[in-house]
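Working notes, beginning with the structure itself.
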């Protein structure tokens, strides 16, 4: 029993712990953003000017077998909810179906001089706008207010 407790104590002391205690692993997305901007067939968008309370937790850029290029950047919002930027040159209904399951139109919003369509899904809500040959979708469990804030911060 003493040996097991000793191993447990060593493991506890040597395994890194989150400094904020909430278990969120923050990622630096700058390299992935630069790479995606070089590769994508449309202007990649990322937020500029968000507070430090917006913590990036996931990032990816992939091209599927059909040639659709997808950019993803996920965040934990200041309210502790999930929000993400999804961009793709796949058809808008396909993007919505894959990210906002059970989506239905939920009005519109004018954000930074653009008209965004709102959608409410089974678990997530989203805002969409055409950006060149792609669709930009800001989505997540966050409120429309936080999604609007993320959408307003998006820059090429």
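The values are calculated or read from the model by the stated rules, or taken from the named source; none is laboratory data. A quick note: this is a predicted structure, and the numbers were derived from the prediction, not measured. A quick note on method: Cβ atoms are made from the backbone with ideal geometry, for glycine too, and the neighbour counts reach across all protein chains shown.
From the list 139, 135, exactly one residue is surrounded by 20 or more Cβ atoms within 10 Å (Cβ to Cβ), touching a helix residue (DSSP H, G or I) at 6+ places or on another chain (Cβ under 9 Å), in contact (Cβ under 8 Å) with a residue 40 or more places away in the chain and over 19 Å from residue 54 (Cβ atoms). Which is it?
Residue meeting the stated conditions: 135.
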Out of (1) in contact (Cβ under 8 Å) with a residue 40 or more places away in the chain; (2) touching a helix residue (DSSP H, G or I) at 6+ places or on another chain (Cβ under 9 Å); (3) over 16 Å from residue 144 (Cα atoms); (4) surrounded by fewer than 18 Cβ atoms within 10 Å (Cβ to Cβ), the one residue 68 does not meet is (1)
Looking at region 79-118, which of the residues that are farther than 18 Å from residue 131 by Cβ and outside any strand (DSSP E or B) is nearest to the chain's Cα centre (by Cα)? 81
Find all pairs meeting these conditions: Cβ atoms under 6 angstrom apart; at least six residues apart or on different chains; first residue within region 77-94 and within 22 Å of residue 67 (Cβ to Cβ); second residue in a helix (DSSP H, G or I) and modelled with pLDDT of 95 or more. 86/99; 88/95
Residue 31 is checked against (1) over 14 Å from the mean Cα position of the chain (by Cα); (2) part of a strand (DSSP E or B); (3) under 21 Å from residue 155 (Cα atoms) and fails just one. What number does that condition carry? (2)
Suppose we filter region 95-129 for residues that are surrounded by 13 or more Cβ atoms within 10 Å (Cβ to Cβ), touching a residue at least 24 places away in the same chain (Cβ under 8 Å) and within 14 Å of residue 154 (Cα to Cα); how many remain? 4
